[in-house]
1. I'd like to know if segment B:294-303 contains one or more residues that are assigned to a strand (DSSP E or B), of a type in the set (Val, Ile, Thr) and open to solvent by less than 60 Å² (accessible area, probe 1.4 Å).
2. Go through (1) over 25 Å from A:Ala59 (Cβ atoms); (2) more than 9 Å from chain B (Cβ to nearest Cβ) and name the single condition A:Thr159 misses.
3. Restricting attention to segment B:343-356, and to residues there that are open to solvent by less than 80 Å² (accessible area, probe 1.4 Å) and assigned to a loop (DSSP other than H, G, I, E, B), which single residue is modelled with the highest pLDDT?
4. Given the criteria among the small types (Gly, Ala, Ser) and open to solvent by 20 Å² or more (accessible area, probe 1.4 Å), does A:Gly341 qualify?
5. On the basis of being more than 30 Å from B:Val80 (Cα to Cα), outside any strand (DSSP E or B) and of a type outside the set (A, V, I, L, M, F, W, C), does B:Glu204 make the cut?
6. For B:Val69, indicate whether it is part of a loop (DSSP other than H, G, I, E, B) and open to solvent by 40 Å² or more (accessible area, probe 1.4 Å).
7. Please tell me if A:Ala191 is in contact (Cβ under 8 Å) with a residue 60 or more places away in the chain, crowded, with 17+ Cβ neighbours inside 10 Å, at the interface with another protein chain (Cβ under 9 Å from one of its Cβ atoms) and part of a helix (DSSP H, G or I).
8. For segment A:320-336, name all the residues that are surrounded by 14 or more Cβ atoms within 10 Å (Cβ to Cβ), more than 14 Å from chain B (Cβ to nearest Cβ) and outside any strand (DSSP E or B).
Amino acid sequence: MWHRSASFILDKNQNDTVYPADSVTLTPPPPSSISTPQNPNPNLNRNMSMSAYYQTRAAHHGVVTSDWLAQSQEAATRAVVTGGQEIVDGGKSGRAFSVIDEFNNWRKQPDLAEAVAAIRALAAVIRNSEAKTMMELEIELKKASDSLKSWDTTSISLTAGCDLFMRYVTRTSALEYEDFNSARSRLIERAEKFGEISYKARKIIAMLSQDFIFDGCTILVHGFSRVVMEVLKMAAQNKKLFRVLCTEGRPDRSGLRLANELAKLDVPVKLLIDSAVAYTMDEVDMVFVGADGVVESGGIINMMGTYQIALVAHSMNKPVYVAAESYKFARLYPLDQKDMGPALRPIDFGVPIPSKVEVETSARDYTPPQYLTLLFTDLGVLTPSVVSDELIQLYL
Amino acid sequence: MTQIEPQNQLTLDLSRKHKIEGSQATARQTAELLRSVISQQRVPYTNQAGALIDAVKAIGEQLIAANPVELAVGNIVRRVLHIIREEDLSLTTAAIGGLNLSAVSDDENDDDRDGDSTLSAAAVAAAARSTLRPPSLQTLLEDTPVSAAVPQTSSSGGDSEGKSKSADKSSRSRKLKHDVIEAVNELIQDIVTCHEQIAEQAVEHIHQNEVILTLGSSRTVLEFLFAAKEKKRSFRVFVAEGAPRYQGHLLAKELVARGLQTTLITDSAVFAMISRVNMVIVGAHAVMANGGVIAPVGMNLVALAAQKHAVPFVVLAGSHKLCPLYPHNPEVLLNELRSPSELLDFGEFSDCMDFGSGSGSPLLHVVNPAFDYVPPKLVSLFITDAGGHNPSYMYRLIADYYSADDLVVQRRATAGN
């Protein structure tokens, strides 16, 4: 009902047939949605879909009530199992199933970035492959990468990681290694090393941002980002005096986790509810956020609430700094908030919501580049306009 | 030793801060000093580029420390370092191209780029070239240059060409220094002629019957306006005097001497007059990597007034003013406080500013900052000797002129480039 068109009365009649009758947010997807054939992707059903990427983030960093978490995890695994079965029934069954499985294994580790998990999974594909030529290997990889991408369409770093690796593979093969086996082993070796790159990337980003944190400053952070955590950790280790205002980050409440970690480092931390950002923006010197993805325009896609904070900061002339690794650069160009595929996450309000009331469950928003001041990446400090340049160089 | 003296002299001049006026003179002297350092430096047989780079970094560190606010010094040091790396790279690729049919050995590790199989010579050159540029998405997955791990395939025979190799090397050693010095000469030439190159573009920007506003006095702006006058454009100039040094007075005098209709106003009157103005043209002390401008004090208020009235704010800057650093606290770190005597007469105010009287701390403080920081969003256009650009395009020029490794100019303890 809450679509763009003003004629929501007409739409209501159409959509009433699609939406299920009972409570929207708290129940797992009803059996009717899973039985849709040919669809291993758990996200296609608009209303019921749960973004696996944000599920994982919640599981790693969120603070949720245990039975709600059990419910949603059950729902997620049920979708995955169904997805796995669907793929098994199709052709190339053994390969595709193991890719997603492998990916899931890597993904579960809290410290590992999504893109790294994806690349490791693709490396496993190479290892298990029986291809004898580069071309065959590339085709297999392409299939595996496509199935990974379609398994969770909402994860930008997954897509970007797969694309980056595919690009690297095609470029490497173009360098005419005479020996297929050595090329193959080199690909596997680089893929495994990518985990180190990702870890080093966070260190580089932390180093670059140190100069921007001066003594006596107040930093506002939103939710829990591992990169921002690294930045603040390094600043604390360098004995800088600063304090952090941390938003709660509903619905995951991942900000609580960040506050815990900062308190362990003896950094003065103050928790805010999300609505208190404008109230406290006066005393803030800079805003630091992470990013789920950096898009071609130079804007970022991040946890819901980031756009709001950037707008407030911009109107009060406070700089907004983004810390993001370079493998999160994606070839997307959203023109507005709804331009991206939906990534939904169920929200636990603590009380049951009547079925007639809809809930905005999107897990992420898009912040346009004009509200961002600088991006700290492992490629260096960049202004938003440099991002599109980098992407063009890579893909064109 | 002779090479220490000019360096010490320059360091002293820089630290005195008023011995050398202006970034152009500073840049030129720095470049000339570095050129003499390079020509006098003895380079070892192998890894000559590394030796040159180390020598330049050692001197550069001292020069930058002498006057951190004068960014042109650091810029020129980094330009020279980039030149050394580039010349070395082009020599290497030429050498690889020349060794087309002969065997390639892998013990000659002059720089990190070792010889490679002929098939992928071009690829090696491309990869090596890409290591000069700042790290990019393309090279993300390759952490060492491709050449390092390329298997030495069939064409790598033995090192039978040892003799031709060494003959090659000695000619290379002479060539590197020679090329670098030539390139530094070009750099000096660019610095000296930057005003002409910028002034050439004046005609495109200044049209008939325009009113131009400027603040203080900048030689680049002067040449720019003269060039437009030469091409028979008729326009008027408003000059804001630029307190407390009042250099706008000098500029007004020179403009009148050349036949331009000039109006002199105080800095405070800028906001009142800005609505009558078509364009603001100013010079800069330095341009930062994000497009922000370090300019004489008062510039920020002109920029704000121009934005409020939608007047284009054009900054003229020679390429030696382009700095690859991002300003994280420019009002404090990139500013210097000058003497209060420029504002107040010590004679009249001696009782207020006297540290000896009363509680030992005077009630009257005088703050006289020399520079202002203008954020990039207030600047409409940069005109450099490389053409006219957007503030968000500055990073491209920086990528062309500087290498990522040189951002922090520090002599490294370990050997290597």
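The values are calculated or read from the model by the stated rules, or taken from the named source; none is laboratory data. Remember, it's a predicted structure, so these values are computed and weren't measured experimentally. Ideal geometry is used to build each Cβ from the backbone, glycine not excepted, and the neighbour counts take in all protein chains shown. Areas reflect the complete protein model, heavy atoms only, side chains present, ligands, DNA and RNA absent. Shrake-Rupley method; radii C 1.70, N 1.55, O 1.52, S 1.80 Å.
1. Among the residues of segment B:294-303, at least one is assigned to a strand (DSSP E or B), of a type in the set (Val, Ile, Thr) and open to solvent by less than 60 Å² (accessible area, probe 1.4 Å), which makes the answer yes.
2. All conditions are met except number (1).
3. The selected residue is B:Leu344.
4. Details: among the small types (Gly, Ala, Ser): yes; open to solvent by 20 Å² or more (accessible area, probe 1.4 Å): yes.
For A:Gly341, the condition - among the small types (Gly, Ala, Ser) and open to solvent by 20 Å² or more (accessible area, probe 1.4 Å) - is met.
5. yes
6. Judged against the criteria, B:Val69 is not a match.
7. On the way: in contact (Cβ under 8 Å) with a residue 60 or more places away in the chain: yes; crowded, with 17+ Cβ neighbours inside 10 Å: yes; at the interface with another protein chain (Cβ under 9 Å from one of its Cβ atoms): yes; part of a helix (DSSP H, G or I): yes.
It is true that A:Ala191 is in contact (Cβ under 8 Å) with a residue 60 or more places away in the chain, crowded, with 17+ Cβ neighbours inside 10 Å, at the interface with another protein chain (Cβ under 9 Å from one of its Cβ atoms) and part of a helix (DSSP H, G or I).
8. A:Leu332, A:Pro334
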